[in-house]
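Accompanying notes for the structure given below.
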Amino acid sequence: MLYSGISWSADGFTVDVIDERGERRQPSRLFGPRHTQELIRYLHGFAGELTAVVDSTNGVLDGRMMAEGLTVYRADPQHLGERPLFAAVPAPDIAAAARRGLGALTRLERHRGTQTGREPDLAEFARISEQALADGTERRTCVSRGSGERREISLTFDDGPQPPDTGQVLDILRRYDVPATFFCTGMYATAYPEYLARMLEEGHGIGNHTWSHPMLFELTRPQLVEQLDRTNEAIAAAAGGRAPTLFRPPYGSRTPEVLGWLAESGLTTVLWDVAPDDWQMPGADTIATGVVEQARPGSIVLLHDSGGDRSQTVAALAPMIEGLLERGYSIVPVEQQLGAPAPAPVPVPAAALAGGKR
Ligand code: ZN
C-alpha cells in the first residue's frame, strides 16, 4: 500500500507518496492549479495500490479524483498538526497520518464528496445558525432567495471554473442569452482567468467561493479572512479589477460566529432555496424537472460547473432553461435580484495581477 498526501497552497497542490515504512517513493511534486489532470495521471502511475488523502480544507480535488477512479480519504484536524494561515498542513504530514492509521480517516464516497460523514455536523451547525441567518437576512448580509416581487429566478454555478464543464455551461447560457452567477474558487480563478473574462463579457455575475473549498466551521477567523481576500484578489485580477460582492459558503457550512465574520467582511452571503443535488448525479431529467417544479419567483438555484463529473448538469441545463422560460421567468444574475451594485473596480496588488500568486 502507498499513501499519497495532497496539500494545497497559493501555488497549487503538493503531492507526497510514501510506502508502508514511511519512505518517500518519489520526490515531492508540485502541480499548478491548472494541472489537476497531470496530478491524477501521476497518482494513477502508482498502479492502483495507492490511497490519496486530502485534508478537510481541500474540497477542490476529490470529486475529480474519484470520478477518475482513485481511492480518496479525508483527514480531519484531529489527525493532523497545526495548519498554516493559508495552506493545508504539509503533504508529508497528511501522508504520515494515513500511514499511522488509515482506519481513523474517512473514505470519501463519490456521490457524497468531501462531506462524507460530515452531514450530521453540517446539519447541526446549520440548525444552531438559524437565528443568526434570520438576523442576517433581515440586515441583508445573508440571502437564500430574492424578494420574489418580480418573476425572476437566478441560476448559480459553484466550484469552477474548470474545463470542460464551465465552457459547456457558458455555451448553453449564451445560446439562450441567459445570464447566471458563478461562485468561483480562488484556486481555479487563478488557473483559468480566461473563463472569468468570458463570464464578464457575457453578462454573468461572479462571486467568491473561497480558495480551497474548506468546511468553514473548521477555520480560524484569520484563515477564513485569508481565503476570502486571496479569492477576491484572484477574481479581481482575472476580471479586470472587479472584486466580487457576493460569497457562497462551501457546503453551505456556517455557524453563528462564521456568519458574523462573513458579514464583517463586507461580502453578502448567498445560500439558495432550490437545490436539485446535481453533484449527486441523480440523472439529467431529475435535475431539470426538480428545478422547474421547485422554482418560484425570487428563487436562487444551486448548481455546479466543477468538482467532479458535471455531464448531467450540462445535459439538464437546456431543458431547465426552456422550462423556466415557458413558465414566464426572467433568468437574471443574483446581483440583479438583490439590487446589488455592480462590482466596483478595486485596487489589485501587483502580485495578484502577475498571476494571483504571492
Ligand atoms: Zn462548492
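Here is how the numbers come out for the structure above:
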| read-out | value |
| --- | --- |
| Hits in region 214-235 (condition: within 15 Å of PRO250 (Cα to Cα), hydrophobic (A, V, I, L, M, F, W, C) and in a helix (DSSP H, G or I)) | LEU216, PHE217, LEU224, VAL225, LEU228 |
| Helices (runs of 4 or more DSSP H) (entirely within region 116-212) containing at least 2 residues that are surrounded by fewer than 21 Cβ atoms within 10 Å (Cβ to Cβ) and within 16 Å of the ligand (Cβ to nearest atom) | 119-128 |
| Complete set of residues in region 235-257 that are touching a Lys or Arg at 6+ places or on another chain (Cβ under 9 Å) and touching a residue at least 60 places away in the same chain (Cβ under 8 Å) | ALA236, TYR251, SER253 |
| Some residue of region 26-41 being free of Cβ contacts under 8 Å to residues at least 12 places away in the same chain, outside the structural domain of HIS209 (by TED's automatic domain parsing) and part of a loop (DSSP other than H, G, I, E, B) | yes |
| Selected residue [within 21 Å of the chain's Cα centre (by Cα) and either surrounded by 15 or more Cβ atoms within 10 Å (Cβ to Cβ) or in the same structural domain as PHE13 (by TED's automatic domain parsing) (or both)] from GLY63, GLY103, GLY81 | GLY63 |
| Scan of region 135-189 for residues that are aromatic (Phe, Trp, Tyr) and more than 20 Å from ARG242 (Cβ to Cβ), ordered by number | TYR176 |
| Number of positions in region 239-269 that are within 15 Å of the ligand (Cβ to nearest atom), outside any helix (DSSP H, G or I) and under 17 Å from GLU130 (Cβ atoms) | 4 |
| Subset of region 270-294 (residues that are modelled with pLDDT of 95 or more, aromatic (Phe, Trp, Tyr) and part of a helix (DSSP H, G or I)) | none |
| Residue, farthest from ARG110 (Cα to Cα), within region 37-59, restricted to residues that are within 16 Å of the ligand (Cβ to nearest atom) and of a type in the set (Ser, Thr, Tyr) | THR57 |
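The values are calculated or read from the model by the stated rules, or taken from the named source; none is laboratory data. This one's a predicted model, so the numbers in the text were calculated from it and none came from an experiment. Here the Cβ is made from the backbone with ideal geometry for all residues, glycine too, and neighbour counts use every protein chain on show.
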